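Undergrad: A single structure is presented below for examination.
The values are calculated or read from the model by the stated rules, or taken from the named source; none is laboratory data. Every value quoted in this text rests on a predicted model; they were computed, and no experiment measured them. Quick reminder, even Gly has a Cβ in these numbers, built from the backbone with ideal geometry, and neighbours come from all protein chains shown. Each accessible area value is taken on the protein alone, full model and side chains, heavy atoms only, with ligands, DNA and RNA left out. Shrake-Rupley method; radii C 1.70, N 1.55, O 1.52, S 1.80 Å.
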Amino acid sequence: MADHRLLSLTREVARSGLTDVQVASLRQRHGANTVPEVARPAVLRRAGRQLRDPMLLLLLAASALTTWQGDLSDTAVILTVVVLNTAVGVVQEVRAEHAVAALRSMAAPHARVRRNGADNVVPVGDVVPGDLMLLEAGDIVAADAEVIESQQLKTDDAALTGESLPVSKAPGDDIFAGTTVVRGRGMATVTRTGADSSLGRIASLVAAARPGPTPLQERLTRLARTLTAAAVGISCLVIVEGLLRGLPLANLVVSATSLAVAAVPESLPAVLTLSLALGARRMAGRAAIARELRSVETLGSVTLLATDKTGTLTENRMVAERVWTPAGEFDVSGGGYGPIGIVSPRGVASAAALRRLLIAAVLCNDADVQPDPDHPGTWRPVGDPTEAALVALAHRGGVNPAAERAAAPRHGEVPFDSDRAWMATAHGTAGDDPVVYKGAPDVLLASVTGPAAEAARSWAVGRAADGARVLALAEGRHGLVGTTLPTGLTLLGLVALADPPRQDVAPVLALLEGAGIRVAVMTGDHPATAEAIARRVGLLHDSGTDLVRTGRDLDDGIDSASLGAVLFARVRPEHKLALVRAWQEAGEVVAVTGDGVNDGPALRRADIGVAMGQGGTEVARQAADLVLTDDSLQTIVHAVEEGRRIHDNLRRYLRYALGGGLAEVLVMLLMPFVGFLVPLLPGQILWINMLTHGLPGVALGADPGSPEAMTQRPVPRTAALVDRTMARQIIVTGTLVGGVSMVAALWARADGMPWRTSSFLVLGLGQLGVAVAVRAPGAARHNPFFALAVASAMVLQTLAVLVPPLRELLGTAFLPPQMWWRCALLAVIPGLALRMARRAGRRVRVSRRGDARCRSVDRPSDEGRPCGSGDR
């Protein structure tokens, strides 16, 4: 709230500014004009918070068990994973501080204020409420203020409010800290400083908007609890069973703990970390930089994409798209401010009338365009973006702005004023001065004579309804007559300008819709402008007006109908933040894209924040998880595909690892009932666990994704990593591997051969065969490391039986050749059976794709996924 007493005091001193005594009193009362810093907890405290994660606690328990078993190599691997995951979490906390630091850097280093009747330049931190602030083009506004004097004053508010055009500021209007004066000059009374200013409020929102756990973290937490309970239960069961058979308690404890370690896939974090790292590298090659590894997988679970408009859906630059003259209408092609493009007639139109309009557009104009040295091949505006768009239009219409300006030099002008809404320039020789007028159609058309005025008025209304900004150009022959608009002007024509949508937006939105991802737009821009863009890219249709909300609609709360809206216009940062929270509470996995300061809190709170790296602010980049270096939504599609690949591979790994762990449990629990008192030794269990859960498991995480990934719905946030379908697959896998291992023991004992070694050999080789069977189709061509990892594990498993030192270490025995063939035959069966069943299932799914029930997004399968979702 503005301090009204201070405003009154300032007005009373007749614009002489505050006195030194008043400044000292106000500074003591309000503090320094700086963005508040975030309290920084100690590193150890941050690390302690990360170590409360159930999966990390389970890993620490597993490391204690492996240390007790003397398996120091496994202990080292597990602890390395714990340290890496903890470090990643600490880095995530620090990012909020960097976002607030970026906000502080946006503040002006100095400000010009009037005090004691004299103009002074003071540090920005010394500005106080009530100060009289002097502004001119190029200044960064030091604090929120109310304009009391304006001479064509315009500010660029895009970063804070989402406005796509510079905003004219008249007396009584508010200006905001961190915005830039792009034109004119003015005087304003400071109303809010420090934490109370617009920058300060956004900084507080960013600091408070801590992201919750990702969908994957939630699923891993639930899985960790289940696995912990299962491991404890299995250990107790083994101990009880052994005591009933009269075995020593000490040996039983060793076997039970070994089996518990085997049942828990302790390499899961390593698999996940490698998958995320590889995914981040792939995404970086596709112009998406992951600032946080967790964001890579989260993208695969996104159900709702909330995107900004300006700079995300649109190009964030003004472009002339349509031209109207009394002699015909024209379409304009070409993007940006460059000269490339053409102006083509719509039906019958006069080229002479077009040229006359374009010449007027560059004469009554203070801007220009030039090549952008920072981005080769592109052009940038010099001056007002709207006027620069008219210069680019002239180039495309075959008019040379520099030549026309040299041929008709300006010798008089009436500058643009927001109250008048027009400007004029005089050219040629005195006495018969042709005067060009440019301004709002409703103003200029009132001074135009002839029948064309009504047709022009109708055209302007239609283009404005489409979200365009329409400018009228007219000509007079009576010289400049002060600031009063004369009558009897000759209408030259109208130009419709807009911030056009990016060319790739519409197809990308269609791809996202096909992937089951809903898209909503959050912008601070005018509702009519935002609605026009939403319709052009296909988000809104003729019957979609009920899907539009404004910030005023959200002030009293967000209801369920509002959550289903497609477009939110005139929203402030707190509105965006509230929408993200409400969507998350409704079960959505929310991604937010943005490029401005006003997007910072929502980017920070979202499950995945995506910032535009080229045109975006540093605040947006620091608050986001993912930065797009090409500012293209198409890159988000690639990132979503990568996230889904990681999720699919994680499920494949769990099916493989948990199936192998179940096989080992079944062997240890069931074989004693058929006369095998100690089926496997503790060292043998840990050896199999190391080989199967090690390199082969990690290599599974590098497999490519399914080609059908972007035709399926996202996995719901509440879905478990191990759902009913996958649980059945794990049971089948574990039963097959455990069954052939027990058959090997029975077969060997019947012929008087080493039964424990036979069972040990088949149990390890059978699990490796399953790893081959569960891979994605075509994965062998893209991940040669997997074949090397499996081959190495197979060699080590056979060496455990062939090499005497390893036989002595693991308690295995030499096997005769005929038993080797039997073991090889049995070990192949689980993987072969799973592969054949998978091919049969794929044929069934293909035959069902024509079924409307499988294609309907409203009728998912019983696992929360559509028919034909494969391994997902």
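Undergrad: Can you list residue pairs whose Cβ atoms sit under 7 Å apart, with the first residue in region 224-240 being modelled with pLDDT of 75 or more and the second being open to solvent by 40 Å² or more (accessible area, probe 1.4 Å) and in a helix (DSSP H, G or I)? Count only pairs 6 or more apart in sequence or on different chains.
TA: Close Cβ pairs (under 7 Å, with a partner that is open to solvent by 40 Å² or more (accessible area, probe 1.4 Å) and in a helix (DSSP H, G or I)) amount to ILE239/VAL253.
Undergrad: I need a count of the residues in region 567-590 that are under 20 Å from ASN316 (Cβ atoms), assigned to a strand (DSSP E or B) and of a type in the set (A, V, I, L, M).
TA: Qualifying residue count for the region: 2.
Undergrad: Residue under question is ARG724, and the condition is that it be of a type in the set (Lys, Arg) and closer than 20 Å to ARG644 by Cα; does it hold?
TA: yes
Undergrad: THR733 fails exactly one of the following numbered conditions: (1) without any contact (Cβ under 8 Å) to a residue 24 or more places away in the chain; (2) in contact with a Gly (Cβ under 8 Å, 6 or more places away or on another chain). What is the number of that condition?
TA: With (1) without any contact (Cβ under 8 Å) to a residue 24 or more places away in the chain; (2) in contact with a Gly (Cβ under 8 Å, 6 or more places away or on another chain) applied to THR733, the lone miss is (1).
Undergrad: In region 177-195, how many residues are crowded, with 21+ Cβ neighbours inside 10 Å, over 20 Å from SER16 (Cα atoms) and out of contact with any Lys or Arg (no Cβ under 9 Å at 6 or more places or on another chain)?
TA: Residues that pass the stated criteria total 4.
Undergrad: Continuing with this model, one more query. Take the residues of region 737-792 that are charged (D, E, K, R) and not in a helix (DSSP H, G or I): which is farthest from ALA699 (Cα to Cα)?
TA: Going through the qualifying residues, I end up with ASP751.
Undergrad: I need the full set of residues from region 338-369 which are touching a Phe, Trp or Tyr at 6+ places or on another chain (Cβ under 8 Å) and in a loop (DSSP other than H, G, I, E, B), in order please.
TA: Passing the criteria: GLY338, PRO339, ALA349, CYS364.
Conditions (1) among the aliphatic types (A, V, I, L, M); (2) under 21 Å from SER301 (Cα atoms); (3) modelled with pLDDT under 80; (4) open to solvent by less than 40 Å² (accessible area, probe 1.4 Å), marked per residue:
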| site | (1), (2), (3), (4) |
| --- | --- |
| LEU700 | yes, yes, no, yes |
| GLU708 | no, yes, yes, no |
| THR711 | no, yes, no, no |
| ARG717 | no, yes, yes, yes |
| THR725 | no, yes, no, yes |
| ARG728 | no, no, no, no |
| THR735 | no, no, no, no |
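Undergrad: Sticking with this one: Go through (1) touching a helix residue (DSSP H, G or I) at 6+ places or on another chain (Cβ under 9 Å); (2) surrounded by fewer than 21 Cβ atoms within 10 Å (Cβ to Cβ); (3) modelled with pLDDT of 75 or more; (4) not β-branched (Val, Ile, Thr) one by one and return the number of the condition GLY172 breaks.
TA: It fails just one condition, (1).
Undergrad: Among the numbered criteria (1) farther than 30 Å from GLY482 by Cβ; (2) surrounded by 14 or more Cβ atoms within 10 Å (Cβ to Cβ), which one does ILE342 miss?
TA: The one condition ILE342 does not meet is (2).
Undergrad: Restricting attention to helices (runs of 4 or more DSSP H) lying wholly within region 370-451, give those where 1 or more residues are under 23 Å from ASP156 (Cβ atoms) and either open to solvent by 60 Å² or more (accessible area, probe 1.4 Å) or not hydroxyl-bearing (Ser, Thr, Tyr) (or both).
TA: Per the criteria, 385-396.
Yes/no matrix, rows are residues, columns are (1) at pLDDT 90 or above; (2) touching a strand residue (DSSP E or B) at 6+ places or on another chain (Cβ under 7 Å); (3) aliphatic (A, V, I, L, M):
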position	(1), (2), (3)
GLY377	no, no, no
GLY383	no, yes, no
GLU387	yes, no, no
GLY398	yes, no, no
ALA406	yes, no, yes
GLY412	no, yes, no
LYS438	yes, yes, no
VAL443	yes, yes, yes
ALA446	yes, no, yes
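Undergrad: Which residues, counting only those in region 369-425, are small (Gly, Ala, Ser), out of contact with any helix residue (DSSP H, G or I) (no Cβ under 7 Å at 6 or more places or on another chain) and more than 22 Å from ASP442 (Cα to Cα)?
TA: Our first condition is that a residue be small (Gly, Ala, Ser); within region 369-425, this holds for 377, 383, 388-389, 392, 394, 397-398, 402-403, 406-408, 412, 418, 421, 424.
Adding the requirement that they be out of contact with any helix residue (DSSP H, G or I) (no Cβ under 7 Å at 6 or more places or on another chain) leaves 377, 383, 388-389, 392, 398, 402-403, 406-407, 412, 418, 424.
Of everything in region 369-425, those that are small (Gly, Ala, Ser), out of contact with any helix residue (DSSP H, G or I) (no Cβ under 7 Å at 6 or more places or on another chain) and more than 22 Å from ASP442 (Cα to Cα) turn out to be GLY377, GLY383, ALA388, ALA392, GLY398, ALA402, ALA403, ALA406, ALA407, GLY412.
Undergrad: If you go through region 477-525, how many residues are within 23 Å of ARG457 (Cα to Cα), surrounded by fewer than 19 Cβ atoms within 10 Å (Cβ to Cβ) and in contact with a helix residue (DSSP H, G or I) (Cβ under 8 Å, 6 or more places away or on another chain)?
TA: 3
Undergrad: While we're on this one: Kindly evaluate ALA327 against the criterion of being surrounded by fewer than 24 Cβ atoms within 10 Å (Cβ to Cβ), at negative phi, over 33 Å from the mean Cα position of the chain (by Cα) and not hydroxyl-bearing (Ser, Thr, Tyr).
TA: yes
Undergrad: Have a look at ALA260, ALA209, ALA284 and point out the one that is farther than 30 Å from LEU666 by Cα and either open to solvent by less than 30 Å² (accessible area, probe 1.4 Å) or at pLDDT below 65 (or both). Working first, answer last.
TA: Working: ALA260 fails: farther than 30 Å from LEU666 by Cα; ALA284 fails: either open to solvent by less than 30 Å² (accessible area, probe 1.4 Å) or at pLDDT below 65 (or both).
It is ALA209.
Undergrad: In this structure, is ALA426 in contact (Cβ under 8 Å) with a residue 12 or more places away in the chain and hydrophobic (A, V, I, L, M, F, W, C)?
TA: Yes.
Let's see how each residue does on (1) assigned to a helix (DSSP H, G or I); (2) farther than 29 Å from GLU642 by Cα:
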| position | (1), (2) |
| --- | --- |
| VAL521 | no, no |
| ALA528 | yes, yes |
| ARG535 | yes, yes |
| ARG549 | no, yes |
| ARG552 | yes, yes |
| ALA565 | no, no |
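Undergrad: Next question. Among all residue pairs at least 6 apart or on different chains, which show Cβ distances below 7 Å where the first residue, located in region 436-451, is over 9 Å from LEU491 (Cα atoms) and the second is open to solvent by 50 Å² or more (accessible area, probe 1.4 Å) and assigned to a helix (DSSP H, G or I)?
TA: From residues that are over 9 Å from LEU491 (Cα atoms), the pairs are PRO441/ARG457.
Undergrad: Take region 452-476 and flag every residue that is in a helix (DSSP H, G or I), open to solvent by 40 Å² or more (accessible area, probe 1.4 Å) and either farther than 13 Å from VAL495 by Cα or among the small types (Gly, Ala, Ser) (or both).
TA: Once the filter is applied, which keeps residues that are in a helix (DSSP H, G or I), open to solvent by 40 Å² or more (accessible area, probe 1.4 Å) and either farther than 13 Å from VAL495 by Cα or among the small types (Gly, Ala, Ser) (or both), region 452-476 yields GLU454, ALA455, SER458, ALA464, ALA465.
Undergrad: I would also like to ask the following. In region 535-546, what residues are out of contact with any helix residue (DSSP H, G or I) (no Cβ under 9 Å at 6 or more places or on another chain) and of a type outside the set (Lys, Arg)? Full working, then the answer.
TA: Pass one, region 535-546, residues out of contact with any helix residue (DSSP H, G or I) (no Cβ under 9 Å at 6 or more places or on another chain): 535, 543.
Result: SER543, single match.
Undergrad: While we're here: Taking ALA800, is it under 29 Å from ARG644 (Cβ atoms), surrounded by 13 or more Cβ atoms within 10 Å (Cβ to Cβ) and in contact (Cβ under 8 Å) with a residue 12 or more places away in the chain? Write out each step before concluding.
TA: Working: under 29 Å from ARG644 (Cβ atoms): no; surrounded by 13 or more Cβ atoms within 10 Å (Cβ to Cβ): yes; in contact (Cβ under 8 Å) with a residue 12 or more places away in the chain: yes.
When the stated conditions are applied, ALA800 does not pass them.
Undergrad: Here is a further query. Could you please let me know if ARG853 is modelled with pLDDT of 90 or more and among the basic types (Lys, Arg)? Walk me through it before giving the result.
TA: On the way: modelled with pLDDT of 90 or more: no; among the basic types (Lys, Arg): yes.
Spelling it out, it is not the case that ARG853 is modelled with pLDDT of 90 or more and among the basic types (Lys, Arg).
Undergrad: Could you tell me which residue of region 308-324 is nearest to LEU509 (Cα to Cα), considering only residues that are under 39 Å from the mean Cα position of the chain (by Cα) and outside any loop (DSSP other than H, G, I, E, B)?
TA: Of everything passing the filter in region 308-324, THR314 is nearest to LEU509 (Cα to Cα).
Undergrad: May I pose another question? Restricting to region 810-838, give me the number of residues that are assigned to a helix (DSSP H, G or I), closer than 21 Å to PRO754 by Cβ and either hydroxyl-bearing (Ser, Thr, Tyr) or open to solvent by 30 Å² or more (accessible area, probe 1.4 Å) (or both).
TA: The first filter runs over region 810-838 and keeps only residues assigned to a helix (DSSP H, G or I), leaving 810, 817-838.
Then drop every residue that is not closer than 21 Å to PRO754 by Cβ, which leaves 810, 817-829.
From what's left, either hydroxyl-bearing (Ser, Thr, Tyr) or open to solvent by 30 Å² or more (accessible area, probe 1.4 Å) (or both): 817-818, 820-822, 824-825, 828-829.
Residues flagged as assigned to a helix (DSSP H, G or I), closer than 21 Å to PRO754 by Cβ and either hydroxyl-bearing (Ser, Thr, Tyr) or open to solvent by 30 Å² or more (accessible area, probe 1.4 Å) (or both) within region 810-838 amount to 9.
Undergrad: Going by the structure shown, is GLY587 open to solvent by less than 80 Å² (accessible area, probe 1.4 Å) and within 23 Å of PRO716 (Cβ to Cβ)?
TA: In short, yes.
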